[in-house]
Amino acid sequence: MSEKHSIIPVWFFVGLLLLIYGVLILGSGLVNWSHPPEGVELTNLHAPVWWGGLLIVLGVIYCAKYYPRSEM
Amino acid sequence: MIAMMALNAPSTLVHLSGVDLAIIAIYFLLVLAIGFYLKKFAKTGEDFFLAGREMTAWVAGLAFVSANLGSLELLGWAGNAYQYGIMAAHWYWIGAIPAMVFLGIVMMPFYYISKTHSVPGYLKLRYGTEASALSAVTFAFMTILMSGVNMYAMAVVMEVVLGWNLHFSIIVSSLTVGVYVAAGGLFSAIFNEVLQFFLIWFGALLIPILGLIETGGWSGMVARIHQNFPGANFTHMWGPMSSASNNPMGVHWIAIVFGLGAVQSMGYWTTDFLVVQRVLSAKDVRSAKLAPIIGSFFKMAVPLIVILPGLLGRAVLPFHLVPGNVAQPGQFKYDDVLPLMLARYCGPGLMGLGITALVAGFMAGMAGNVSAFATVWTYDLYRPYLRKDAPDAHYVSMGRWCTIIGLLVSIGTAYLVQYNKSMMDYVQALFGFFIAPLFGTVVLGMLWKRVSRMAGFWGLLAGVVTSVTAFLLMKFDPSWVKVFAFSPSAQPLAQAMWQALWACVTCVVVTVLATMVTKPKPDEELRGLVYALTEVPSEEHTSWLHRPVVWGGVALAILVVLQIIFW
């Protein structure tokens, strides 16, 4: 992103956030797998599990692609 | 502390678990860390106020569209979708896409090539100090008031939705925004806007996905709405607008096309410095042209996470929402539809993500206001009128202080609004007074080199006076609604469109007439500022896949297809 400055690309921070959130949401989905929260619809679809998984995948891709590597 | 406040929550729309609070806390920590990290890069004026002019088209484009994707907009437009149906999508489609493409293709080269720091800065170069000062003073004043209004509105939403204490929300959010914007300037604001963009999409996209699964797809949702509200038309965009009395908004298609599409949205997207500043941070002219066009594709998709949840609310909620001004205790308002749908489908974790998206939207909105305020104050008021030849570091320091002072004034405004709630309506209306005529002034100045210095000023002033007059007459004497809006049933949204149209027409007419009787500026002073005297870099050697005009055409073609599908 930066030519004048060597700033870590914003995409790396995006990836980091998605990765952390993915882990937390997936974990929460697994913990609640057999005890779904009351008042929430369509819990049989286990949305937190696959949504958390999706965030983890995207987070890993962004972190890996935009990981700040020092120039040789 | 967040946990303590949340635990003290009274009856609220949603309840947060430990994992939800962790998600919110991580967001605050990350944006503060990014602000401190970026501080070392924001050393010069260009760094602090324009993010070094080194953003790629994608970053500038996402920041551009995110600056308008605040939480008030999300909650408000989801509420409007519940109230008016899919017609609310006009504000995302015809009310945004043509203006964004126009900004990218036609106007951005002039803003960028003139190397201006702001829209008032462009007016100063093109017209002179009169039009620029009028625009800068009103923009700085309005921006800071709007920031306060947004701050108060955020605190109220957090109180209603989460039960958080009003003072807690105001102080924590403004402290966080103050720290990261004062540290990293526009770098920080743009980084946060890009984060916010992802948070909003991933926090809200599950609502339409799960909602459509529950209703059995689009046709199932439409069938349920017809079943719940027989005779009402919530799922067509243009059909009910042949007459203003045929639709709940009280709007005729002429007002949508000319008032919203040709004036109101053009004014907002092309001259509101809050959004234009994001594009000015682009690294070159082509990126600056592409950024709003990239933004237009995402803007076109926003109804998925805003309008569709409002419609789904009509289909699946077991109770009816009511207007905010008549809601009794225990009743939910139109604007509650998005949090209600979030609570319907999102359990622990996902709820935290959704709430973080709302918090991020509020904070990014505040950051956008204070960073734009700091730029306009420093470059368009302080430097030309108070201290002309200070070193660059002095202006950066002024920008940092402006950020803090701007937030303090915003906090004061927020508390003022708390004790005088009608002020909120006036402040929001005030912003509209300047946007439509400003579009007339800027676009005439860019496309017609004959427009003179004083013609620009008098046209802008006449447009603003027309706008204020129309607003006050329609507000205090409803009989004027029929005069200005051609229908006594025009609702405030429709009135605002006609008000914008009248203001812009007046501005253009007065500018043209004044131009005829005043002396034009010499050509030498207009090079790089007007169409006839500016050499825009040629794109004939760029592959067609990388040409902004091609993607602008694609965006417009998709817009037309969407109108046909949802006619």
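The numbers here are math on the coordinates, done by the rules we state, and not lab data. Because the structure is a prediction, the values reported are computed rather than measured. Please note: Cβ atoms are built from the backbone with ideal geometry, for glycine as well, and neighbour counts cover all protein chains shown.
Indicate the gyration tensor shape class of the protein assembly as shown (rounded, prolate or oblate), computed on the Cα atoms with a ≥ b ≥ c the square roots of the eigenvalues: a/c under 1.5 is rounded; otherwise a/b larger than b/c is prolate and the rest oblate.
Details: a/c = 1.58, a/b = 1.22, b/c = 1.30.
In terms of gyration-tensor shape, oblate.
Filter the DSSP H helices in chain B by two things, a Kyte-Doolittle mean of at least -0.5 and an axial alpha-carbon span of 30 angstrom or more, and list the hits by number. Could the numbers behind the result be given before it?
Values: long enough: B:18-39 (32 Å, 2.07); B:129-162 (47 Å, 1.48); B:350-375 (37 Å, 1.49); B:392-419 (41 Å, 0.78); B:422-447 (40 Å, 1.55); B:453-476 (35 Å, 1.36); B:492-516 (36 Å, 1.51).
Passing helices, by number: B:18-39, B:129-162, B:350-375, B:392-419, B:422-447, B:453-476, B:492-516.
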Practice task
May I ask which residue of A:46, B:480, B:308 lies farthest towards the positive end of the charge dipole of the protein assembly as shown, with charges of +1 (Lys, Arg) and -1 (Asp, Glu) on Cβ and the Cα centre as origin?
Solution key: B:480
Handout entry: All lysines inside 18 Å of residue B:475 as judged from Cα atoms, apart from same-chain residues fewer than 8 positions distant
Key = B:421
Fill in the blank from the handout: At R0 = 60 Å the Cβ-Cβ FRET efficiency linking residue B:327 and residue B:557, nearest 0.05, sits at 0.90
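Using helices alone, I'd like the mean residue ellipticity at 222 nm for chain B: each DSSP H run of four-plus residues gives -39500 (n - 2.57), total over residue count, nearest 500.
Helices in chain B give a 222 nm mean residue ellipticity of -22000 deg cm²/dmol.
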Handout entry: Partner aspartates and glutamates for residue B:40 [C-alpha distance under 17 Å; skip if fewer than 8 residues away on the same chain]
Key = A:3, B:54, B:392
Handout entry: Under 16 Å from residue B:43, Cα to Cα: lysines that are on another chain or at least 8 residues apart
Key = A:4
Practice task
May I ask for the angle, rounded to the nearest 10°, between helix A:10-31 and the longest principal axis of chain A, with both axes built from Cα atoms and the value confined to 0 to 90°?
Solution key: 20
Fill in the blank from the handout: To the nearest 10 degrees, the tilt of helix A:47-66 (Cα long axis) against the first principal axis of the alpha carbons of chain A is 10
Practice task
Work from the charge dipole of the protein assembly as shown (Cβ charges, +1 for Lys and Arg, -1 for Asp and Glu, about the Cα centre) and give the residue of B:277, B:187, B:79 farthest towards its positive end.
Solution key: B:277
Exercise for the section: Ratio to report: Rg/Rh of segment B:415-545, with Cα atoms as the point set and Rh obtained by the Kirkwood method; give two decimals. Expected result: 1.13
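With charges only on Cβ, +1 for K and R and -1 for D and E, what is the dipole size of chain B about its Cα centre, in debye, rounded to 20?
Details: 30 positive and 24 negative charges, 119 e Å.
Magnitude of the dipole: close to 580 debye.
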Problem - Cut-off under 5 Å, modelled amide H: who pairs with residue A:8 long-range - result: none
Completion exercise
From the cross-link list B:299/B:388; B:39/B:449; A:65/B:39; B:482/B:519; B:39/B:299, the entries with a Cα-Cα span beyond 32 Å are B:299/B:388; B:39/B:449; B:482/B:519
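Report, in debye and to the nearest 20, how large the dipole of segment B:10-153 comes out about its Cα centre when Lys and Arg carry +1 and Asp and Glu carry -1 on their Cβ. Before the final figure, lay out the partial values.
Values: 7 positive and 6 negative charges, 80 e Å.
Using only the charged Cβ atoms, the result is roughly 380 debye.
Mind checking the dipole of the protein assembly as shown: about its Cα centre, +1 per Lys or Arg Cβ, -1 per Asp or Glu Cβ, Debye to the nearest 20? Numbers along the way, then the final one.
On the way: 33 positive and 28 negative charges, 185 e Å.
So the magnitude is around 880 debye.
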Practice task
Enumerate the amide H contacts of residue B:322 below 5 Å, restricted to partners 5 or more residues apart or on another chain; note that Pro and chain-start residues carry no placed amide H.
Solution key: B:332, B:333, B:334
Practice task
Would you work out which of B:516, B:240, B:131 lies farthest towards the positive end of the dipole of chain B? Charges go on Cβ: Lys and Arg +1, Asp and Glu -1.
Solution key: B:516
